[in-house]
Amino acid sequence: MGAAWLSGIRLYASVLTFGLLQRFGFARLPGELRILGEWWVIAIAGLLFLIELIADKIPAIDSAWDAVHTFIRIPAGAVLAAAAFWQFDDRVRVLAFLLGGSVALTSHGTKATTRLAVNASPEPFSNIALSLLEDAASAGLSLLAAFHPVAMLFVVAVLALAGILIVRKLARGFRGLLGRLSTRQPHFTRS
């Protein structure tokens, strides 16, 4: 579930980190996730990570990138979760697939909503700071998932709950803003 959650935030950075850990023997990934240690997967993940690293710092490109990646990160989270349970019964793999997709949806929804709000600000510093925080958190949480998967489950549960609360608060704020804008009467002055 850690890989699924991370796929919603930084899919390529997480795949790259897991792949390098597997490739150099620092970690042994479960199930069919071992394929992440293949050089071709590492190379593709590295290239896409570099593109995302740059795209994520530019507000308009970042919002478009997140919109497109809604259709990539969530299925990837589902697949990563199911691949970790390849040796289990089909019912367990289907459950992992569904939960992995749900976890990826939660993390991606939180990221995309938060970034949309931050990207709307006129100054670039908060966007870059949040992007750098995501970069660091992705690497750190990938290591936590690889070396302490049970601890990562608790972290995912807390972050998923926090994400739901953040999205609800942002949605409430957007609704309030739209309500105020729609009730505003045009002000005409006589000359």
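The values are calculated or read from the model by the stated rules, or taken from the named source; none is laboratory data. Note that this is a predicted model, so its numbers are computed, not measured. All Cβ positions, even for glycine, are placed from backbone atoms using ideal geometry, and neighbour counts span all protein chains on display. With ligands, DNA and RNA removed, areas are computed over all heavy atoms of the protein, side chains included. Shrake-Rupley method; radii C 1.70, N 1.55, O 1.52, S 1.80 Å.
Computed quantities for the displayed model
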item: Selected residue (criterion: nearest to LEU105 (Cα to Cα)) from residues of segment 25-49 that are open to solvent by 30 Å² or more (accessible area, probe 1.4 Å), assigned to a loop (DSSP other than H, G, I, E, B) and at pLDDT below 95; result: PRO30
item: Residue check, VAL155 under 16 Å from the mean Cα position of the chain (by Cα) and either exposed (fewer than 11 other Cβ atoms within 10 Å of the Cβ) or at pLDDT 75 or above (or both); result: yes
item: Search result, residues across segment 51-75 that are in a helix (DSSP H, G or I) and either of a type in the set (Val, Ile, Thr) or over 23 Å from SER126 (Cβ atoms) (or both); result: ILE51, ILE54, ILE61, VAL68, THR70, PHE71, ILE72, ILE74, PRO75
item: The one condition in (1) within 15 Å of SER14 (Cβ to Cβ); (2) exposed (fewer than 13 other Cβ atoms within 10 Å of the Cβ); (3) without any contact (Cβ under 8 Å) to a residue 40 or more places away in the chain that PHE147 fails to fulfil; result: (3)
item: Test: residue in segment 169-177 that is in contact with a helix residue (DSSP H, G or I) (Cβ under 7 Å, 6 or more places away or on another chain), more than 21 Å from THR17 (Cβ to Cβ) and not aromatic (Phe, Trp, Tyr); result: yes
item: Matching residues in segment 1-21 - criterion: being of a type outside the set (A, V, I, L, M, F, W, C) and either open to solvent by 40 Å² or more (accessible area, probe 1.4 Å) or over 15 Å from ALA84 (Cα atoms) (or both); result: GLY8, ARG10, TYR12, THR17
item: Positions within segment 30-64 being of a type in the set (A, V, I, L, M) and in contact with a Gly (Cβ under 7 Å, 6 or more places away or on another chain), in sequence order; result: LEU36, VAL41, ILE42, ALA45
item: Pick from segment 119-129, criterion within 17 Å of ILE166 (Cβ to Cβ) and surrounded by fewer than 18 Cβ atoms within 10 Å (Cβ to Cβ), ranking: modelled with the highest pLDDT; result: ALA129
item: Residue identified as open to solvent by 70 Å² or more (accessible area, probe 1.4 Å), within 11 Å of the chain's Cα centre (by Cα) and farther than 19 Å from LEU29 by Cα among LEU116, LEU105, LEU98; result: LEU105
item: Residue within segment 120-142 that is of a type in the set (Asp, Glu), more than 19 Å from VAL15 (Cα to Cα), free of Cβ contacts under 8 Å to residues at least 60 places away in the same chain and in a helix (DSSP H, G or I) present; result: no
item: Residues located in segment 61-87, provided they are free of Cβ contacts under 8 Å to residues at least 40 places away in the same chain, farther than 12 Å from ALA4 by Cα and either of a type in the set (Lys, Arg) or open to solvent by 60 Å² or more (accessible area, probe 1.4 Å) (or both); result: ILE61, VAL68, PHE71
